[in-house]
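Novice: Let me begin by handing over the structure; questions about it come next.
Just so it is clear, none of the values below were taken in a lab; they were calculated from the coordinates. As the structure is a computational prediction, the values presented were derived from the model and not from experiment. Note that each Cβ is placed from the backbone with ideal geometry, even for glycine, and that neighbours are counted across all protein chains shown.
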Amino acid sequence: MRLILLTMLLLALSGLGGGVAEWIKAPMPWMLGSLAVAGGIAIFWRGERFRGYSFPIRLRSLFVALIGVMIGTQVTPELLGKVPELPWTLAALVLFVAASMIGNYLIFHRFGGYDRTTAFYAATPGGLIESIVQGEAAGADLRILTMQQFLRVILVIVSVPLGLSLWFGFPVGSAAGLAGAGASGPVDLPSLILIVAAGLFGMWAARQIRLPAPQITGPMVLTTGLTGFGVIDLQLPIWLIALAQVVIGCSLGLRFAGMDLQLVRRCLGMSAVSVTYMLTLGTGVALALQAFTGVPFLHLFISFAPGGVAEMGVIALSLAASPAFVSLHHIARILMTVIGMAFIGRVLQFDK
């Protein structure tokens with residue numbers, strides 16, 4: 001009961017932060033507003049009630065799955081028309097992952113002073129959980145590794161909407177943007193039950209066959225098949241998408257709990273350099289691919305921004321930037337990273 005009440009309180013406060021961010025027309029208001037409030041609580045609240053608390057992973061997984069359902073409903077003939085370009089964009093993604101790992105390793109090892117093992121596993125541009133698990137087994141500094149991987153995701157999902165908002169001249173990720181991306185108004189109870197069922201079953205099936213990022217890939221693939229063949233027509237309500245952003249933002253912000261502020265400042269500086277490098281690299285790749293394939297720059301840029309699959313999918317949804325195309329590339333990035341990390345770690349004996 002204590003866990004439930006504390007979770008409800010944290011979500012309410014985070015939702016209030018999202019509402020304030022929406023009111024001041026901040027980019028991605030419900031996600032970034034809730035992240036800011038939850039992060040502040042995690043860092044500065046030292047009370048006994050908060051000690052030992054961790055956000056329920058099953059609750060977060062459910063709402064990530066609902067984002068997967070939303071993305072799956074966005075598969076259109078326009079996406080199918082991009083299939084001939086996929087070999088080029090995926091080949092470029094291989095180069096992006098390799099260049100990111102090399103550049104980040106040099107940043108963390110040469111400039112950050114991290115040992116070789118910690119620098120290597122902190123350098124991966126994806127596979128957050130896999131990087132932490134393999135890095136811990138290889139003897140990396142778990143505090144630094146965890147911090148760098150979390151900060152990579154957080155800085156990307158903060159800086160990308162801010163940058164795009166400055167570029168477009170209006171806040172990215174508002175409720176209006178989500179409505180334009182296929183979200184709907186009121187939804188009846190049977191449709192809501194069907195949406196949740198699609199998310200839960202898709203997530204379960206993806207775990208059975210060991211898909212990467214199963215919380216989002218399973219529901220996305222399942223919904224793509226169902227809506228693509230006209231079996232069902234799902235439209236998620238705007239309030240549900242906003243709630244999913246609050247849950248994801250709150251769970252990310254709470255990961256700062258118990259972390260040393262001096263370590264946070266050190267890792268934040270290194271992460272800022274690393275994320276700037278990867279976003280600059282991704283921008284260059286996107287510009288080259290746009291000239292070569294004709295795929296819009298915005299779709300490519302979001303596809304190469306190394307944030308979380310769910311978070312980048314929400315950004316793509318808010319801009320109607322072919323979210324299925326974007327999510328496909330983020331799933332591929334994670335898969336490439338995990339495979340490359342395991343292979344290189346074995347060759348260079350980081351896993352010994």
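Novice: With an 8 Å cut-off on Cα pairs and a minimum separation of 6 or more residues, tell me the relative contact order of segment 223-352 in percent. Kindly include the intermediate steps, with their values, before the conclusion.
Specialist: Numbers: 60 pairs, mean separation 16.6, N = 130.
Normalised by residue count, the contact order of segment 223-352 is 13 percent.
Novice: Only Lys, Arg, Asp and Glu count, each charged at its Cβ (+1, +1, -1, -1), so figure out the dipole size of segment 2-347 about its Cα centre, rounded to 20 debye. Before the final figure, lay out the partial values.
Specialist: Details: 19 positive and 12 negative charges, 165 e Å.
With only Lys, Arg, Asp and Glu charged at Cβ, the dipole is about 800 debye.
Novice: Shifting gears a bit: Output wanted: per-residue J couplings in Hz (rounded whole) for segment 115-127, from phi through Karplus 6.51 cos²θ - 1.76 cosθ + 1.60, θ = phi - 60°, x for Gly and Pro.
Specialist: Listing the rounded values in order: 5, 4, 5, 5, 4, 5, 6, 6, 7, 5, x, x, x Hz.
Novice: Here's something else I'd like to know. Given R₀ = 22 Å, what would the calculated FRET efficiency be for Phe292 paired with Ala98, taking r from the Cβ atoms and rounding to 0.05? List each step's numbers first, then the result.
Specialist: On the way: r = 19 Å, r/R0 = 0.86.
So the FRET efficiency works out to roughly 0.70.
Novice: Counting alpha carbon pairs within less than 8 Å and at least 6 residues apart, what relative contact order, in whole percent, applies to the chain? Walk me through the intermediate numbers first.
Specialist: Details: 536 pairs, mean separation 110.9, N = 352.
Dividing the mean separation by the residue count of the chain yields 32 percent.
Novice: If you project the alpha carbons of segment 207-352 onto their three principal axes, what span does each projection cover, largest first, in Å?
Specialist: 51, 41, 32
Novice: How many nm is it between the label spots at Ala12 and Glu136, if each spot is 7 Å from the Cα in line with the beta carbon?
Specialist: 3.3
Novice: Once you have the Cα-Cα distance between Asp260 and Ser54, take 0.36 nm times their residue separation minus that, and quote the gain in nm to one decimal.
Specialist: Working: separation 206, 0.36 × 206 = 74.16 nm, distance 1.70 nm.
Separation in residues times 0.36 nm, less the Cα-Cα distance, equals 72.5 nm.
Novice: Show me, for segment 135-144, the HN-Hα J-couplings you get by feeding each phi into the Karplus relation (A = 6.51, B = -1.76, C = 1.60, θ = phi - 60°), rounded to Hz, glycine and proline as x.
Specialist: Ordered by residue, 3J(HN,Hα) equals x, 4, 5, 7, x, 6, 6, 5, 5, 5 Hz.
Novice: Under a 10 Å cutoff between Cα atoms, tell me which one of Pro161, Pro87, Pro296 has the largest fluctuation in the Gaussian network model of the chain.
Specialist: Pro87
Novice: Between Leu106 and Ile193, take the C-beta separation as r, use R0 = 56 Å, and let me know the FRET efficiency to the nearest 0.05.
Specialist: Values: r = 51 Å, r/R0 = 0.91.
The calculated FRET efficiency here is 0.65.
Novice: Moving on. If R₀ is 35 angstrom, what is the calculated FRET efficiency for the pair Gln208 and Val20, using the beta carbon separation as r and rounding to 0.05?
Specialist: On the way: r = 41 Å, r/R0 = 1.18.
E(calc), rounded to 0.05, equals 0.25.
Novice: Same structure, new question: Looking at segment 2-347, I'd like the Rg to Rh ratio, where Rg is from alpha-carbon atoms and Rh is Kirkwood's inverse mean 1/r.
Specialist: On the way: Rg = 19.3 Å, Rh = 20.3 Å.
With Rg and the Kirkwood Rh in hand, the quotient comes to 0.95.
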